[in-house]
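Inspection log for the structure reproduced underneath, given as structure tokens.
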Number of protein chains: 4
Amino acid sequence: MIMWKVTERPLLYKPVLVEGLPGIGNVGKMTVEYLIDKLKAKKFAEIYSDHFPYHVFIDKKSTVSLPKNEFYYYKSGKHDIVFLTGDFQSMTPQGHYEVTDAVLKFCKDLGVKRIITVGGYGIEGIPKNPQVLGAVTHEKVMSQFEEPGVKFEDGERVGMIVGASGLLLGLGKLRGFEGICLMGETFSRPMFTDARASKAVLEVISQYFGIPIDMKDMNVKAKELDKAITKAKELEDQMVKKLTKPTDELSYIG
Amino acid sequence: MIMWKVTERPLLYKPVLVEGLPGIGNVGKMTVEYLIDKLKAKKFAEIYSDHFPYHVFIDKKSTVSLPKNEFYYYKSGKHDIVFLTGDFQSMTPQGHYEVTDAVLKFCKDLGVKRIITVGGYGIEGIPKNPQVLGAVTHEKVMSQFEEPGVKFEDGERVGMIVGASGLLLGLGKLRGFEGICLMGETFSRPMFTDARASKAVLEVISQYFGIPIDMKDMNVKAKELDKAITKAKELEDQMVKKLTKPTDELSYIG
Amino acid sequence: MIMWKVTERPLLYKPVLVEGLPGIGNVGKMTVEYLIDKLKAKKFAEIYSDHFPYHVFIDKKSTVSLPKNEFYYYKSGKHDIVFLTGDFQSMTPQGHYEVTDAVLKFCKDLGVKRIITVGGYGIEGIPKNPQVLGAVTHEKVMSQFEEPGVKFEDGERVGMIVGASGLLLGLGKLRGFEGICLMGETFSRPMFTDARASKAVLEVISQYFGIPIDMKDMNVKAKELDKAITKAKELEDQMVKKLTKPTDELSYIG
Amino acid sequence: MIMWKVTERPLLYKPVLVEGLPGIGNVGKMTVEYLIDKLKAKKFAEIYSDHFPYHVFIDKKSTVSLPKNEFYYYKSGKHDIVFLTGDFQSMTPQGHYEVTDAVLKFCKDLGVKRIITVGGYGIEGIPKNPQVLGAVTHEKVMSQFEEPGVKFEDGERVGMIVGASGLLLGLGKLRGFEGICLMGETFSRPMFTDARASKAVLEVISQYFGIPIDMKDMNVKAKELDKAITKAKELEDQMVKKLTKPTDELSYIG
């Protein structure tokens, strides 16, 4: 069951879809939400699915809303941009295919031919200067992203892309789209939103579209992240100490 | 797979749907069943789904019936009321969406435009004078429920509403309905049916519709609840004592 | 996905469906297979579903076959009988509804109006003279089964009937069928096929249809069951002794 | 949701489907991939399903592709061959039926009437000279595979065939196909690809079609397997020693 709420049918010039949904390090969602905010992109559609969670949220005005993914558009010089973001990805494999399929049909109607998906790539340790790795639908797409500094490693480190960022390209390729997934290196811990990885991807996108992005707020987030990491490490150290101290209770509960 | 058994097509004046299905503290189901009983509301429809459990019940006349949700109507002065209650909610996320969607279509045909869903909101401790929290589809709905004492906290405490009470509002909003969820504060323990929370919600509903409700039986239930809580506490205390006493058997089975 | 293989379209006089599929004590399957064997009922249809397991069996001629349920018919004097049996019930709730729905449509086409489902009812201990409990779609059905000795307890002990035996009656009732579930008292252990419970149900069915059933082979099975139970008890006793004897290995692996 | 990418519609003479997908000992996939490689079979179709995993792979050219199953054809003298292989089987029972059903329809359009599925049969120990066991859709198929040395054990050891290799025969039989499953004896350990079992099956297929297969590379793989097994055994022995040596850490962590 797919439901749409479309409030505007924008006329777009050579539109490119830029997708960022929740995932590793929350890089995709953070990046696209930042772009929407800084470019003052306009919301024009929502997609709902019975493969999203079966609850509603209560917002700050005590009003409820279903889980959804949202579409925004931004009229740029070179390419217009359609943004896709949201609070959830599908909760089932079948739902992932169904939602992606619906999104692609919607995008085809808007004239979209190229797709940029954004995600994180978890590595060991905490990358200070994260790289942006790329994977494409067709080899010819690579050349346009080499100058903005995207690294193509030919499947050496990253073997697969899970969820919307992967399926939009995989299914999209079958349906005649071309595209790229931009993966910011991030650290493999849940609960953190990696502003540094997001910043690295933003710089690639800024250069690709020829649109300057104000990075002030992202730098602030990066500093907050540093503090949060330091704090988490301290907590971990304390936990480790506790767990490695043998206690009488533990020994007889066994 | 949705199946309907409709025994009457009532003509209703400005009908409002009041839903109460099993959930936290069983507040929704208890409230709506009490209203059906006291107002002598008349059953007119049943809905069945393959997302309900795959068994039948055997009742006191040795006859079987499938799990279902039931619709009753009550002709009031101000607004006629359609009640929705039952023994189950859907067992799958997809089923939740499918059943809710079918219910909304049915309600639209009956002329329903407003929906009141009833649930419990679990808090720490046992609330002696539970409040009724509210969440709405549209801000304008709030004003009519402030006088009956509903508290709107703007998502501060309650962040989401799970299941039918949430989806009827969320999906309903998309389909042109407006409504409110009334959540009675209750304690977060399974196995209890919280008569006090239910009573608090009943008073709001009574005032909103301008219909007096006889509270005698609900007061009896509240007293029974007090006894049950006291008994449960005693049992718990005994359990805790047993578990914290080290025994030889435990140490070698461990 | 439902698939049918129908090899014959029998003309049946007032046919009654008698269903027995795997379940508690295997009473349903055993009873119906025994009837098929003794009455030399003729197979005429098979039903397949994607909610059955996704494997094939290899039989004694090295040939493969999909999991299925099977239909047989028997031309009697009073009522013709359609038997439904098989090696599996659906593996999902949705599948249970889908298969039952398909079976009911098939039966309606055959002229079936009454359904007898057979199952086991697990009790404590091992019943030497198991009773047959009944649950019906309509009260009027009861009277015809009181003489053959079916006990109606008005939902006191048995509260629900899970799976095909329940759904055929529950969904059937919605679709205009009437019927009864016959539950032979059996002991709540997996791995046993309870011939005594089956025999009790067979006697009810024999009397209801006015068809004598040769019980010789069933008596043999009942004796084999006695031996198997004795053996299982001995094994259990040995296990209990082992587990309650403290050992050094257990204490440090713990 | 089934999607096809068909790049060629070959005209085939009495084509036989030979299927080998991942499974026990990876015998099926290895065998069919080897045949495709040695016979230089030509890819002409791909099948996609929402019951395959919801990710894309990144290949050596940094391009992405969805999980899929692939079809190749080879023009032989006696029978043309259609090969089916891939990296995945469906992740759900329903998906297994849906994909198999789609494959059978596709094969019917190609003129396929006979199906050979390839799998492994896990036995205790490591078989030095693995046998090939067979199970057929119809008894008459057996005779043609007895000369190439297939053993038919009438369901004695192998009781069922799980997944695509089973369903293609089971569903195929319902749809008018005939066929056989060739199972190479292999050892029941995950992580190994059993070249010896694969070689045994290849010899049967070679003889059945009258096509010589170059076994050089398969012999190399068999030797690599021997080394891998020896290494794994050593690791296991070390593990066992560690686990059976009581340590202070283990005793108090419990």
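Structure above, values below:
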item: Filter pass, C:Asp237 being acidic (Asp, Glu), touching a strand residue (DSSP E or B) at 6+ places or on another chain (Cβ under 9 Å) and modelled with pLDDT under 95; result: no
item: Matching residues, the range C:170-196, being in contact with a strand residue (DSSP E or B) (Cβ under 6 Å, 6 or more places away or on another chain), among the β-branched types (Val, Ile, Thr) and more than 20 Å from C:Met142 (Cβ to Cβ); result: C:Thr186
item: For B:His96: the one exception among (1) in contact with a Phe, Trp or Tyr (Cβ under 6 Å, 6 or more places away or on another chain); (2) surrounded by fewer than 20 Cβ atoms within 10 Å (Cβ to Cβ); (3) not charged (D, E, K, R); result: (2)
item: Strands (runs of 3 or more DSSP E) contained entirely in the range C:105-179, each with at least 1 residues that are more than 9 Å from every other protein chain (Cβ to nearest Cβ), among the hydrophobic types (A, V, I, L, M, F, W, C) and under 20 Å from C:Ser206 (Cα atoms); result: C:114-123, C:132-136
item: Pair list, Cβ < 6 Å and 6+ apart or interchain, from the range D:203-229 residues that are closer than 23 Å to D:Lys75 by Cα to residues that are of a type in the set (S, T, N, Q) and modelled with pLDDT of 95 or more; result: D:Ile213/D:Ser206
item: Some residue of the range D:44-51 being within 13 Å of chain A (Cβ to nearest Cβ), among the polar types (S, T, N, Q) and out of contact with any helix residue (DSSP H, G or I) (no Cβ under 8 Å at 6 or more places or on another chain); result: no
item: Test: D:Ser206 is out of contact with any Phe, Trp or Tyr (no Cβ under 8 Å at 6 or more places or on another chain), at pLDDT below 95 and either surrounded by 15 or more Cβ atoms within 10 Å (Cβ to Cβ) or more than 25 Å from D:Gln144 (Cβ to Cβ) (or both); result: no
item: Only listed residue being closer than 20 Å to A:Gly163 by Cβ and not hydroxyl-bearing (Ser, Thr, Tyr), chosen from A:Gly86, A:Gly77; result: A:Gly86
item: Number of positions in the range B:13-67 that are in contact (Cβ under 8 Å) with a residue 60 or more places away in the chain and either touching a His at 6+ places or on another chain (Cβ under 9 Å) or closer than 21 Å to C:His138 by Cα (or both); result: 5
item: Every residue from the range A:146-162 that is small (Gly, Ala, Ser) and free of Cβ contacts under 8 Å to residues at least 40 places away in the same chain; result: A:Gly155, A:Gly159
item: Of residues in the range A:209-234 being acidic (Asp, Glu) and modelled with pLDDT of 95 or more, the one nearest to A:Leu17 (Cα to Cα); result: A:Asp214
item: Residue in the range A:191-211 that is under 30 Å from D:Ile47 (Cβ atoms) and not hydroxyl-bearing (Ser, Thr, Tyr) present; result: no
item: Those residues of the range C:24-62 which are small (Gly, Ala, Ser) and over 30 Å from C:Gly122 (Cα atoms), in sequence order; result: C:Ala45, C:Ser62
item: Condition met for B:Thr137 (crowded, with 21+ Cβ neighbours inside 10 Å and without any contact (Cβ under 8 Å) to a residue 12 or more places away in the chain); result: no
item: Which numbered condition A:Tyr252 fails, given (1) among the aromatic types (Phe, Trp, Tyr); (2) within 26 Å of D:Val56 (Cα to Cα); (3) modelled with pLDDT under 90; result: (2)
item: Filter result (charged (D, E, K, R) and surrounded by fewer than 22 Cβ atoms within 10 Å (Cβ to Cβ)) within the range D:28-46; result: D:Glu33, D:Asp37, D:Lys38, D:Lys40, D:Lys42, D:Lys43, D:Glu46
item: Subset tally (residues that are within 11 Å of C:Gly134 (Cβ to Cβ) and modelled with pLDDT under 95) for the range C:153-182; result: 3
item: Of all residues in the range A:53-93 being crowded, with 21+ Cβ neighbours inside 10 Å and facing chain B (nearest Cβ under 8 Å), the one that is nearest to A:Leu12 (Cα to Cα); result: A:Leu66
item: Sole residue being free of Cβ contacts under 8 Å to residues at least 24 places away in the same chain and hydroxyl-bearing (Ser, Thr, Tyr), chosen from A:Ser165, A:Ser143; result: A:Ser143
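Let's see how each residue does on (1) among the aromatic types (Phe, Trp, Tyr); (2) crowded, with 18+ Cβ neighbours inside 10 Å; (3) within 13 Å of B:Cys181 (Cα to Cα):
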{"site": "B:Val103", "(1), (2), (3)": "no, yes, no"}
{"site": "B:Thr117", "(1), (2), (3)": "no, yes, yes"}
{"site": "B:Asn129", "(1), (2), (3)": "no, no, no"}
{"site": "B:Val132", "(1), (2), (3)": "no, yes, yes"}
{"site": "B:Val141", "(1), (2), (3)": "no, yes, yes"}
{"site": "B:Pro148", "(1), (2), (3)": "no, no, no"}
{"site": "B:Arg157", "(1), (2), (3)": "no, no, no"}
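The values are calculated or read from the model by the stated rules, or taken from the named source; none is laboratory data. Owing to the predicted nature of the structure, the values given are computational and were not obtained by experimental measurement. Positions of Cβ are generated from backbone atoms using ideal geometry, with glycine treated the same way; all protein chains shown enter the neighbour counts.
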